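Contents: one structure, followed by commentary.
The values are calculated or read from the model by the stated rules, or taken from the named source; none is laboratory data. These numbers come from a predicted model, not from an experiment. Cβ sites come from the backbone with ideal geometry, for glycine too, and all protein chains shown count toward neighbours.
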Amino acid sequence: MAVGEMATTLAHELNQPLGAVTNVLRGLKARLSAAIANPQPGALPPLGQGVQLALDQVQYAARIIGRIRDYTQSRQPRRERVDLHALLHNSLTLLDWDLGRHGVQLSIDLAAGIGADSDDATAVAGDGVMLQQVMVNLLRNAIDAMSVTPAGQRRLDIGSRIDAAAGQIEITIADTGCGIGDDGAAQLFMPFYSTKPTGMGIGLNICRSLIELHQGRLWFTPNAGRGCTFHVALPLAQGDEARRLPRFLDAESAVS
Ligand SMILES: Nc1ncnc2c1ncn2[C@@H]1O[C@H](COP(=O)(O)OP(=O)(O)O)[C@@H](O)[C@H]1O
Ligand SMILES: [Mg+2]
């Protein structure tokens, strides 16, 4: 990765958590000010949840910085046991505030695992932080695309399908946003293509590189109704590899 490319990637990837932390801190500040202006004897406003949300975002940002540093040294993505279902839930938590603010309805329909240990069946061997960046970027794009959608019709449908014969898992993220025209379709994955006033236009380019580093594929299809669907296909961990690898979210719960 060239220095310029690394700087652009960091700027793009840190924007989301920084924005989220700013929003959470603003909310906490407003609550504290209200509590100070109108003190209730013996009662503190409940701030724990907001503090936890901000901490989650800061840890996410720290992990991204750490992994980019690792990757520039090793040139290899890490191999950890990543449960994509857990990863999706975690990524949605990081976007909770945005989903709520935009009134997005969420439906999640994940494939049940196959085999005796369902957890193992949906595990991918790869770099959890990189794969989480992909999910967060795709979800963010979907939320952005729905800003033109009437409030009651903003919907995110998240699905997964396991193709045991091909040894792969496919995640789908369908939105009811503005959709993608022919122009966009041709340029979407190119760096610096953006239709947003403040977009950097490198999110999808980063996502595709990260998925290809994992021998996977990233593409989109138009929806029959409104919006479009992004698909991520990744090879499942083979044999007992998943069992031998460190678990992504567990291993990372303490910031290193
Ligand atoms: N879910 C989506 N629905 C409609 N258009 C999308 C979607 N995701 C991406 N796009 C289009 O692809 C462009 C490039 O996306 P991206 O590389 O993430 O950059 P950015 O989000 O900064 O614009 C967006 O500006 C938008 O026009
Ligand atoms: Mg984007």
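Observations
- Here the condition is being more than 16 Å from ligand 2 (Cβ to nearest atom) and of a type in the set (A, V, I, L, M); of Val134, Val124, Val148, it holds for Val124 alone.
- Within the range 213-231, considering residues that are assigned to a loop (DSSP other than H, G, I, E, B) and surrounded by 15 or more Cβ atoms within 10 Å (Cβ to Cβ), the one nearest to ligand 1 (Cβ to nearest atom): Gly227
- Some residue of the range 233-251 being surrounded by fewer than 19 Cβ atoms within 10 Å (Cβ to Cβ), within 18 Å of Gln132 (Cα to Cα) and free of Cβ contacts under 8 Å to residues at least 24 places away in the same chain: yes
- Sole residue being touching a residue at least 24 places away in the same chain (Cβ under 8 Å), in a strand (DSSP E or B) and surrounded by 19 or more Cβ atoms within 10 Å (Cβ to Cβ), chosen from Arg81, Arg67: Arg81
- Of the residues making up the range 77-88, at least one is over 20 Å from Ser209 (Cβ atoms), assigned by TED's automatic domain parsing to the domain that holds Pro222 and touching a Ser or Thr at 6+ places or on another chain (Cβ under 7 Å).
- When Leu210 is tested against (1) closer than 28 Å to Val82 by Cβ; (2) more than 10 Å from ligand 1 (Cβ to nearest atom); (3) not in a helix (DSSP H, G or I), only condition (3) is not met.
- Restricting the range 158-175 to residues that are among the hydrophobic types (A, V, I, L, M, F, W, C) and either out of contact with any strand residue (DSSP E or B) (no Cβ under 9 Å at 6 or more places or on another chain) or under 14 Å from Phe230 (Cβ atoms) (or both), the residue that is surrounded by the most Cβ atoms within 10 Å (Cβ to Cβ) is Ile171.
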